[in-house]
1. For segment 102-151: of the residues being in a loop (DSSP other than H, G, I, E, B) and of a type in the set (S, T, Y), which is surrounded by the most Cβ atoms within 10 Å (Cβ to Cβ)?
2. Please identify the pairs in which a residue from segment 131-147 that is under 25 Å from L49 (Cβ atoms) has its Cβ atom under 8 Å from the Cβ atom of a residue that is among the small types (G, A, S), counting only partners at least 6 apart or on another chain.
3. Name the residues in segment 161-172 that are in a loop (DSSP other than H, G, I, E, B) and modelled with pLDDT of 95 or more, would you?
4. Is it the case, given these coordinates, that T94 is more than 30 Å from K81 (Cβ to Cβ) and surrounded by 15 or more Cβ atoms within 10 Å (Cβ to Cβ)?
5. Just to be sure, is L67 buried (at least 16 other Cβ atoms within 10 Å of the Cβ), part of a helix (DSSP H, G or I), out of contact with any Phe, Trp or Tyr (no Cβ under 8 Å at 6 or more places or on another chain) and among the aliphatic types (A, V, I, L, M)?
6. Which of the residues spanning segment 70-86 are without any contact (Cβ under 8 Å) to a residue 60 or more places away in the chain and either in a helix (DSSP H, G or I) or more than 30 Å from E170 (Cβ to Cβ) (or both)?
7. Can you pull out the residues in segment 173-194 that are outside any helix (DSSP H, G or I) and touching a helix residue (DSSP H, G or I) at 6+ places or on another chain (Cβ under 6 Å)?
Amino acid sequence: MNTEELQAEKIQKGKAYKTMLIFAMGSIVMVFAGLTSAYVISKNRPDWLKDFQLPQAFLWSTLVIVLSSITFHLAKKAIQKNNRSTTSLMLGLTFLLGITFVILQFQGFNQVIEAGYYFTGSASTITTSFLYVVVLVHIAHLAGGLISLLIVIYNHYKQKYNATQTLGIELSAMFWHFLGFLWLYLFLFFTFYK
């Protein structure tokens with residue numbers, strides 16, 4: 001194969017991976033559409049908490065995930081300019097912000113419990129049970145994003161990425177931004193839909 005054929009094959013492979021990722025993200029959207037629809041329908045139950053407020057930790061986690069999307073974007077831009085040190089720094093910051101997001105989510109759970117609401121058992125409410133399920137399902141998907149990010153960091157360390165080879169970083173960043181957008185939607189949904 002000559003250089004042009006190899007380049008064309010690489011482009012086709014990249015398009016196929018991006019298409020598969022888009023289908024996977026579409027499936028995830030359907031899961032959360034189902035959960036939020038069930039939340040809307042359950043709102044008419046007599047045991048629904050009408051005055052429930054999301055804990056402050058969820059606001060902070062929202063800010064953290066937005067910031068992590070920015071650092072991941074900066075990592076992608078840096079590798080496109082072959083700036084390896086900035087890429088390393090931004091990928092590392094993105095990973096730390098992802099871990100911080102998860103910690104803040106669990107702090108949010110603790111704040112809900114401290115307010116006297118529980119997620120399961122006889123003292124639970126349907127409102128907090130929905131919150132618990134939705135947040136845990138999002139965290140499970142974020143775990144996939146963190147694993148993807150660790151693979152990208154490893155591959156970057158092994159110098160598999162450069163200005164002409166950024167597919168792995170692009171795919172991981174695409175999924176990461178999707179997860180950030182999804183959390184932003186969920187945060188706004190739980191904040192304003194009472």
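The values are calculated or read from the model by the stated rules, or taken from the named source; none is laboratory data. All values derive from a computational prediction rather than experimental measurement. All Cβ positions, even for glycine, are placed from backbone atoms using ideal geometry, and neighbour counts span all protein chains on display.
1. Applying the first criterion (in a loop (DSSP other than H, G, I, E, B)) to segment 102-151 yields 115-117, 119-123, 125.
Right, trim to of a type in the set (S, T, Y) and you get 117, 120, 122, 125.
Working: Y117: 19, T120: 10, S122: 5, T125: 16.
That would be Y117.
2. Close Cβ pairs satisfying both conditions: V135/G108.
3. Keep residues of segment 161-172 that are in a loop (DSSP other than H, G, I, E, B), which gives 161, 163-164, 166.
Residues satisfying the conditions do not exist here.
4. Numbers: more than 30 Å from K81 (Cβ to Cβ): no; surrounded by 15 or more Cβ atoms within 10 Å (Cβ to Cβ): yes.
Taking the combined requirement at face value, the residue does not satisfy it.
5. Working: buried (at least 16 other Cβ atoms within 10 Å of the Cβ): yes; part of a helix (DSSP H, G or I): yes; out of contact with any Phe, Trp or Tyr (no Cβ under 8 Å at 6 or more places or on another chain): yes; among the aliphatic types (A, V, I, L, M): yes.
In short, yes.
6. Filtering segment 70-86 down to residues without any contact (Cβ under 8 Å) to a residue 60 or more places away in the chain leaves 70-71, 74, 77-78, 83, 85-86.
Scanning segment 70-86 gives I70, T71, L74, K77, A78, S85, T86.
7. Residues of segment 173-194 outside any helix (DSSP H, G or I): 193-194.
Answer for segment 173-194, where residues must be outside any helix (DSSP H, G or I) and touching a helix residue (DSSP H, G or I) at 6+ places or on another chain (Cβ under 6 Å): there is none.
Every residue, every condition in (1) assigned to a loop (DSSP other than H, G, I, E, B); (2) over 23 Å from G180 (Cβ atoms), yes or no:
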residue: K13; (1), (2): no, yes
residue: A16; (1), (2): no, yes
residue: I22; (1), (2): no, no
residue: M25; (1), (2): no, no
residue: A33; (1), (2): no, no
residue: R45; (1), (2): yes, yes
residue: W48; (1), (2): yes, yes
residue: Q53; (1), (2): yes, no
residue: W60; (1), (2): no, no
